[in-house]
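The block underneath contains the structure these notes are about, expressed in structure tokens.
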Amino acid sequence: MKATVLLVDDEDEIRASIEELIGEEYSCLHARNGHEAIYTLSQLSVDVIITDYNMPDLDGMELVKILNERKKQTPVIVLTGRGSIELNRRTLAFSVYEYLEKPFHPQLLRNTLQACLKTGALSKEEIEAKEDNIFSKAYYRDLNLKLSKDSYSFIESYCLNQGISIGTYFETHIAKLRGSK
């Protein structure tokens, strides 16, 4: 039986594109906003939620907040047009499994979705470990990374081949660097 994925985005084209990418492997349900998603989740069970971050009425993070308040343990992947350190912190605070910046490589979404289904929602310990090791202000102040387009393209290709997100790549490699100081 196929796993069920709820696609939440105010743009019909985005939901249709994602379903085209994953529809052969997963059953997809659609919601145009957070309110529709909450209604759908009150009627049906889903295995994963993929939601846009920025939507009118009830955005992706407000949706996740409501799900957390209702003790829903459904893993969530957030899609965003602009990633930031603050978004990293917000997604961790609300137990979001992963966030991906648009545009993303189709295989990265597939890999993230597979990993999400294998591991489920992040535990409190995993969230705290990520916060402690990766998302402190001092950590980012110390980083001051600047990559050329070629370097970034190389890292992006490497991550795609390894089936990991770019954020995971940097978390792993920079944590190693910090540990060796």
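Throughout, read-outs are computed from the coordinates displayed, never taken from laboratory work. None of these values were measured; they are calculated from a predicted model. Every residue, glycine as well, gets a Cβ built from its backbone with ideal geometry; the counts of neighbours run over all protein chains shown.
So what are the ³J(HN,Hα) numbers for the range 104-115, from phi and the Karplus equation (6.51, -1.76, 1.60; θ = phi - 60°), rounded to whole Hz, Gly and Pro as x?
10, 6, x, 5, 5, 5, 4, 5, 5, 5, 4, 5
What are the residues whose amide H is under 5 Å from the amide H of L79, where those residues sit 5 or more places off or on another chain and H is modelled from the backbone?
Sorted by chain and number, the residues that satisfy this are T51, D52, Y53, L100.
Each label point is 7 Å from the Cα along the Cα-to-Cβ direction; what then is the distance between the points at L44 and E20, in nm?
2.1 nm
Just want the ordering: V48, V8, from fewest to most Cβ atoms lying within 10 Å of their own Cβ.
V48, V8
Provide the gained length on full extension for the span K102 to K2, in nm with one decimal, where the gain is 0.36 nm per separating residue minus the Cα-Cα distance. Provide the component values of the computation, followed by the final result.
Numbers: separation 100, 0.36 × 100 = 36.00 nm, distance 2.57 nm.
Length gained, K102 through K2: 33.4 nm.
In terms of modelled amide H atoms, which long-range or inter-chain residues lie less than 5 Å from the amide H of L29?
Amide H neighbours of L29: V5, L6, L7.
Just to confirm a number: summing +1 for Lys and Arg and -1 for Asp and Glu over residues other than G34 whose beta-carbon lies under 10 angstrom from that of G34, what do you get?
My count for the surroundings of G34 gives -4.
Using the 10 angstrom Cβ neighbour count as an exposure proxy, how do Y39, Y97 rank, fewest first?
Taking fewest neighbouring Cβ atoms as first place, the list is Y39, Y97.
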